[in-house]
Each structure stands twice: as structure tokens, then as C-alpha cells.
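Peer 1: Take this structure, written in C-alpha cells, and hold onto it; I'll ask about it next.
The values are calculated or read from the model by the stated rules, or taken from the named source; none is laboratory data. The structure presented is a predicted model; accordingly, all values stated were derived computationally and were not measured. Positions of Cβ are backbone-derived with ideal geometry, glycine not excepted, and every protein chain shown enters the neighbour counts. These area figures cover heavy atoms from the full protein model, side chains too; ligands, DNA and RNA do not enter into them. Shrake-Rupley method; radii C 1.70, N 1.55, O 1.52, S 1.80 Å.
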Amino acid sequence: KVCGVAPHRIMAVTFTNKAAKEIKGRLFSLVGQTVEAVTLGTFHSICAKILRIDGQPIGLDRNLVIYDADDQASIIKRAMQELNIDPKNFSPRNILSAISRAKSQLIEAADHRLHVHSYFDEVVNRVYLKYQDKLNENNGVDFDDLLLKTVQLFYKHPDVLEKYSSRYVHILIDEFQDTN
């Protein structure tokens, strides 16, 4: 109200649903129903919304399925089984953590082979490829993909980036120091 910025031109992001709810409550007490026009949520929820609306150019359907931790573990175990990788030798949890780290560094499955420096990395590479294939077959993404694929979308399709960068004149990030 003070700066004359329309609420729909503001995005506010945070990391947890609890924090998003708290921010929304505080904003509601300041500006009332106007808060509904602000794009407010977690990094993951906002990225999911962007991908559902504009993810088609990178091969995502509007009805994408978001896999939770249990789903991810199940797919990793199945991928390892199909690749004849013994979970006693390589922990599915460690492999999933390595894949998550790669995704947070914006390393896609197809490019992960360039980052193989050990036998464990080679195993991770094979599982990552199979895991990602399984997600793609089911129009699925994991939480790391929500961020990775949004970045990919913006890099590969400047028109989509322009759509969002021209809409939002202010992006407010809660706990910015804790984000990657």
C-alpha cells in the first residue's frame, strides 16, 4: 500500500509450510484479503506451480506427480534391483543423498557421468539414470526436481523467464542465508 506495488507483483518464498503459513497470517493482519493476491509459499510449492503452468517446453505435463521420500526410496531400491546392485554393498539412502546433492548442484542425470571420480560415483550414475527414467515414465518429479527443473525451464526458455521476471517486481526470501 505504501509503495504502490500491486500485490500480484510480489512473490514471497520460504522453506517450510509452517513458515509460509506464519507469513501469510502476519500479512493478513496487515493487509487483509489483499494477501491472497501475493504469490506466497515454499520454494517447492511455487516451483511446482510454475512447472504445472509452464513446464510443457521441458517435457512436463500439467498433471505431474510429486514423489515424496518414501516414493523416492522405493524407486531407488527398484532401480538398484534392476541394475543388480546389492543394497548391502551400497546403501539406497546414500545413493539417494548423492543424487539429491547432484540435483542441488544442477547436475542432471545425463550429465552426471562427467562427475564420476570413484566406483561409488559410477554406481550413483547408473542408478541416477534409471531413477530419472522411472520418474519421467510416470510424469513424476521429486522435491529436488522441482527446483532443478524450474531453473532449467528458465535457462532454456527465456520467454518463460521473462513472463515471471516481468510479473514480479519484488521477490522476498525468508531465511535467505539458509538457501542454496
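Peer 1: Considering the Cα trace of segment 1-74, what is its radius of gyration and what is Dmax, both in angstroms?
Peer 2: Both quantities, over Cα of segment 1-74: 15.3, 51 Å.
Peer 1: If I model a spin label as a point 7 Å beyond the Cα along the Cα-Cβ vector, how far apart are those points for residue 122 and residue 66 in nm?
Peer 2: 3.8 nm
Peer 1: Which order do the peptides 169-177, 34-42 come out in when sorted by mean C-beta neighbours inside 10 angstrom, highest first?
Peer 2: Highest-to-lowest ranking by the protection proxy: 34-42, 169-177.
Peer 1: For segment 55-145, just run the numbers: alpha carbon Rg, then divide by 2.2 N^0.38 Å, N being how many residues it has.
Peer 2: Compared with the compact-globule rule of thumb, segment 55-145 sits at 1.04.
Peer 1: Could you pull out the trypsin sites (Lys or Arg not before Pro) across segment 1-85 that fall in loop regions by DSSP (anything but H, G, I, E, B) with no more than 12 other Cβ atoms inside 10 Å?
Peer 2: The qualifying sites are 1, 62.
Peer 1: Which length gain, in nm to one decimal place, applies between residue 9 and residue 165 when the Cα-Cα distance is subtracted from 0.36 nm times their residue separation?
Peer 2: 55.2 nm
Peer 1: Right, here's the next one. In debye, nearest 20, what is the charge dipole magnitude of the chain about its Cα centre with +1 on Lys and Arg Cβ and -1 on Asp and Glu Cβ, if you could check?
Peer 2: It comes to approximately 420 debye.
Peer 1: Pop out the carbon and sulfur fraction of the accessible area of the chain as a percent, whole number, probe 1.4 Å.
Peer 2: The computed percentage sits at 54.
Peer 1: Something else about it: Compute the angle between helix 92-104 and the longest alpha-carbon principal axis of the chain, please, reported from 0 to 90 degrees and rounded to the nearest 10.
Peer 2: With rounding to tens, the tilt is 50 degrees.
Peer 1: What number, rounded to the nearest 500 deg cm²/dmol, is the helix-based mean residue ellipticity at 222 nm of the chain, given -39500 (n - 2.57) per DSSP H run of at least four residues and division by all its residues?
Peer 2: -17500 deg cm²/dmol
Peer 1: Okay, next question. Hey, what did the chain get for relative contact order, percent, Cα under 8 Å, at least 6 apart?
Peer 2: Across the chain, relative contact order equals 33 percent.
Peer 1: On alpha-carbon atoms, Rg over Rh for segment 1-152 using Kirkwood Rh?
Peer 2: Result for segment 1-152 is an Rg/Rh of 1.09.
Peer 1: Continuing with the same structure: Rounded, prolate or oblate, given the Cα gyration tensor of segment 31-83, with a/c below 1.5 counting as rounded?
Peer 2: Verdict is oblate for segment 31-83.
Peer 1: Now, a different point. What's the extension gain from residue 34 to residue 138 if we count 0.36 nm per residue and subtract their Cα-Cα distance?
Peer 2: That works out to 33.7 nm of additional length.
Peer 1: Using the Karplus curve 6.51 cos²θ - 1.76 cosθ + 1.60 with θ = phi - 60°, what ³J(HN,Hα) values do you get for each residue of segment 27-39, in whole Hz, with x for Gly and Pro?
Peer 2: Here the 3J(HN,Hα) series is 5, 4, 5, 8, 10, x, 4, 3, 4, 5, 7, 6, 7 Hz.
Peer 1: A further question follows. Can you tell me the 0 to 90 degree angle between the C-alpha axis of helix 119-137 and the longest principal axis of the chain, rounded to 10?
Peer 2: 60 degrees
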